[in-house]
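First the structure, in the form of structure tokens, and then the observations on it.
The values are calculated or read from the model by the stated rules, or taken from the named source; none is laboratory data. These numbers come from a predicted model, not from an experiment. Counting neighbours? That spans all protein chains shown, and the Cβs are built from the backbone with ideal geometry, glycine included.
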């Protein structure tokens, strides 16, 4: 719910806002929001002003997907907490693929399930000085992951704990 009336937001709008650099994560966060809002506000559309987010992942696809849908970054209701313990898929990197999404006093803690992001994704993302061929492979992989994620029911991608 925007300031005065509902706003329908589809993933193509989020992708256009973000671009292609982190398309897989933008799709994951888009689906995370769909799952969270279904649990946190099943009867009504949540108002943007009531939504706050804590992300374990600092990436631009994560931030942009949350911002476009909720305006949480602009409103100061978005933070990154790299100490979140769930979904830590990359040893040696301080990144959690988990989120806490709140609507008012209700919160859902979400963690991406293992396997949603294939090992090759991590190999390519955390490779320094990628070759041109690796850049092309990573770009195609991000698009493929986004398509796969968007084709699944949002609840099938995450573990969720509501409080």
- Of all residues in the range 106-131 being part of a helix (DSSP H, G or I) and touching a helix residue (DSSP H, G or I) at 6+ places or on another chain (Cβ under 8 Å), which is modelled with the lowest pLDDT? 125
- Task: Evaluate the following for residue 87: is it assigned to a helix (DSSP H, G or I) and under 27 Å from residue 148 (Cα atoms)?
- Result: no
- Message: Just to be sure I understand the filter: pairs with C-beta atoms under 9 Å, separated by 6 or more residues or on different chains, first member in the range 144-155 and in contact (Cβ under 8 Å) with a residue 12 or more places away in the chain and at negative phi, second member outside any helix (DSSP H, G or I) and surrounded by fewer than 16 Cβ atoms within 10 Å (Cβ to Cβ). Which pairs pass?
- Response: 145/118
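Could you tell me how many of the residues in the range 11-43 are assigned to a loop (DSSP other than H, G, I, E, B), surrounded by fewer than 21 Cβ atoms within 10 Å (Cβ to Cβ) and in contact with a helix residue (DSSP H, G or I) (Cβ under 9 Å, 6 or more places away or on another chain)?
Within the range 11-43, residues that are assigned to a loop (DSSP other than H, G, I, E, B), surrounded by fewer than 21 Cβ atoms within 10 Å (Cβ to Cβ) and in contact with a helix residue (DSSP H, G or I) (Cβ under 9 Å, 6 or more places away or on another chain) number 4.
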- Find the residue count for the range 114-142, including only residues that are exposed (fewer than 15 other Cβ atoms within 10 Å of the Cβ) and either touching a residue at least 40 places away in the same chain (Cβ under 8 Å) or at positive phi (or both). 3
- Hits in the range 132-163 - residues which are at pLDDT below 95, out of contact with any strand residue (DSSP E or B) (no Cβ under 9 Å at 6 or more places or on another chain) and not in a helix (DSSP H, G or I): 153
